[in-house]
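**Student:** Let me give you the structure first, and then I'll get to my questions.
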Amino acid sequence: MKLFWAVSGFLLLFSCRKKPVDVQLATAHVMPDFNYVLDTVYIDTGEEKVYLDMDLNMSDYAVNEGRLYNLTPESGRVEVINMESLILDSVIYYKMRGPNSVKQYFPFGIKKTLLGDTFFKEHRVIHRLNPDGKKTDSYELNNRQLSGDRLPFDTEIDGLGEISTDGSYLASFYGNFKIGGNVLGIAKVNLLDKTLKLVPIDFWDQLKEYTITVDYDIGKRNSSPELKFLLLNGPDIILSTSASNELWYYDAESDSVIHKQYHSQFTADQKSGKYRKDITNQRLYMYWVKRKNDEVVFGPLVKDHQAQNFYRYSRELDKSDPQKTKYIHVLTVFDEKLDQIHEQKLHNSIPIMGKYFEGKTFVHDGSIYSFLKKENQLAFIRLKPNFDND
């Protein structure tokens, strides 16, 4: 049995051809005519109280509709927010019991597709409903239910991945998610024929070095890991992290991974990783977590489907004045080939990371919307980029 898994692992390493690292260097004033407008917008929710406990991280922006679907996981309630008129359009209540139930364990996310289907994501299960609200399928993400590539022993697929806009596939991380385990790469699940494609990517060994952990009592542990992000681009998949200025691009047509590294003229290109390891109390743990979070932080990539550009915010503590806690905020622009074409130092702060999650960010009608935490109000920071003087 051990030989079988060893051979399987060897074959997986070569099932996806890797290309040399493509280093992209930032150039000052690449686009001298670039400018932007920044403002705050509020959603009119009427008498309804919008679910904000998870900072919109269970929501989905449907680019074809211009609407944000915000899930309340305990009840199956979904708020439909019109981003054009900035109002709460309607509220949908999905079934939590019976044949059309969207819950087996605990729903953690929603996805609206171009064809009107709705997916509900759980840790190991995905439910699919047609436009009439009837459940048409459920997907269990394991070797028993999926054909194609086989998950290695003691590994699993994280069900909280990303589903393509046409509903044809799910992309998520696979590996051993227990304490001390390893993330091995990306799992691509075909939701039409239930086949599995595994894409090994060697990024985890570096990323886990940025985790700060405290063991402050017997059986009690807390940790502050860096975040990993997936963005789907048609049939292709983009992996990036909060700790480094790089990405891994899985090209489905060539079945290969392209590793691209970038350089910033405003921030560091990665976290230092120089953190104390033998932490045994909460006070010391919080001190080192703050020091790490003051280092450079890279937010998730988002795509402008109209302009075919990608955007990403980043942040780092400004050390020019030690007496003030001030951060440098940067917007980086990439073209459709993910070549870096511009960097813009912003005059205002942008919410990138919350306490546990990345900030919900998406592009609507050419503007970048970032969730702004306000008590009992749904608000966004909106940045409108402009690439010329018109």
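The numbers here are math on the coordinates, done by the rules we state, and not lab data. Since the structure is predicted, the reported quantities are computational estimates derived from the model, not experimental observations. Every residue, glycine as well, gets a Cβ built from its backbone with ideal geometry; the counts of neighbours run over all protein chains shown.
**Student:** Name the residue farthest towards the positive end of the dipole of the chain from the options Leu160, Leu331, Val80, assuming +1 on Cβ of Lys and Arg, -1 on Cβ of Asp and Glu, about the Cα centre.
**Tutor:** Going by the charge dipole, the pick is Leu160.
**Student:** Counting other C-beta atoms within 10 Å, and keeping those with at most 14, which DSSP coil GluC sites (Glu not before Pro) do you find in region 286-340?
**Tutor:** Here the sparse-neighbourhood loop sites are Glu336.
**Student:** Residues with amide H under 5 Å of Leu378's amide H, sequence separation 5 or more or different chain, H placed in the peptide plane at 1.01 Å from N; which?
**Tutor:** Correct list: Ile43.
**Student:** Residue-wise, which Karplus ³J(HN,Hα) couplings in Hz belong to region 193-205, taking 6.51 cos²θ - 1.76 cosθ + 1.60, θ = phi - 60°, and x for glycine or proline?
**Tutor:** Per-residue couplings from phi come out as 10, 6, 9, 10, 10, 9, 10, x, 9, 8, 10, 6, 4 Hz.
**Student:** I've got another one for you. Under a 10 Å cutoff between Cα atoms, tell me which one of Phe334, Phe153, Phe177 has the largest fluctuation in the Gaussian network model of the chain.
**Tutor:** Looking only at Phe334, Phe153, Phe177, the largest GNM fluctuation is found for Phe153.
**Student:** Go ahead and run the numbers for FRET between Lys208 and Tyr105, Cβ-Cβ distance against an R0 of 41 Å, rounding to 0.05.
**Tutor:** 0.95
**Student:** Provide the per-residue ³J(HN,Hα) series for region 178-187, in order, calculated from phi with Karplus coefficients 6.51, -1.76, 1.60 and θ = phi - 60°, each as a whole number of Hz, with x at glycine and proline positions.
**Tutor:** Coupling constants for region 178-187: 6, 4, x, x, 10, 8, 9, x, 10, 9 Hz.
**Student:** Could I ask something else about it? Report the full-extension gain for the segment Glu84 to Asp388: residue separation times 0.36 nm, less the Cα-Cα distance, to one decimal in nm.
**Tutor:** Extra length available between Glu84 and Asp388 comes to 107.1 nm.
**Student:** Which pairs in the list Lys49/Lys360; Lys228/Lys277; Lys121/Lys197; Lys188/Lys220 are over 30 Å apart, alpha-carbon to alpha-carbon?
**Tutor:** Lys188/Lys220
**Student:** I need the peptides 262-268, 37-43, 160-166 ranked by packing, meaning the mean over residues of other C-beta atoms within 10 angstrom, with the highest value on top.
**Tutor:** 160-166, 262-268, 37-43
**Student:** Once both labels are modelled 7 Å past Cα along the beta-carbon direction, what's the Val41-Asn281 spacing in nm?
**Tutor:** 4.9
**Student:** If you don't mind, there's one more thing I want to ask. Which links in Lys112/Lys326; Lys134/Lys384; Lys111/Lys303 stretch past 27 Å when you go from one Cα to the other?
**Tutor:** Distance filter (> 27 Å) returns Lys112/Lys326; Lys134/Lys384.
**Student:** While we're looking at this one, here's another question. What is region 24-386's relative contact order, in percent, from Cα pairs under 8 angstrom and six or more apart in sequence?
**Tutor:** Result for region 24-386 is 15 percent.
**Student:** Rounded to the nearest 0.05, what FRET efficiency do Met31 and Lys326 have when you use their Cβ-Cβ distance and R0 = 22 Å?
**Tutor:** According to the calculation, E is roughly 0.30.
**Student:** About its Cα centre, what dipole magnitude does region 24-386 give when the only charges are +1 on Lys and Arg Cβ and -1 on Asp and Glu Cβ, stated in debye to the nearest 20?
**Tutor:** 1180
**Student:** Check Tyr216: other-chain or 5+ apart residues with amide H under 5 Å from its amide H, H built from backbone geometry?
**Tutor:** Asn222
**Student:** Within the P(r) computed for the chain, what percentage of the Cα pairs occupies the region above 35 Å?
**Tutor:** Of all Cα-Cα pairs in the chain, 28 percent lie more than 35 Å apart.
**Student:** For the chain, what is the calculated [θ] at 222 nm in deg cm²/dmol (nearest 500), taking -39500 (n - 2.57) for each run of four or more DSSP H residues and dividing by its residue count?
**Tutor:** Calculated at 222 nm, the ellipticity per residue is -2000 deg cm²/dmol.
**Student:** Provide, as a two-decimal number, the C-alpha radius of gyration of region 43-137 over 2.2 N^0.38 Å, N being how many residues it has.
**Tutor:** 1.03
**Student:** Could you tell me the calculated FRET efficiency between Phe153 and Ala307, based on Cβ-Cβ distance and R0 = 35 angstrom, to the nearest 0.05?
**Tutor:** 0.20
**Student:** Follow-up question, since we're still on this one. Taking 0.36 nm per residue of sequence separation and subtracting the Cα-Cα distance, how much length would be gained by fully extending the chain between Glu375 and Phe177, in nm to one decimal?
**Tutor:** In short, 67.9 nm is gained.
**Student:** Arrange the peptides 70-80, 193-203, 87-97 so that the one whose residues have, on average, the most other Cβ atoms within 10 Å appears first.
**Tutor:** 70-80, 193-203, 87-97
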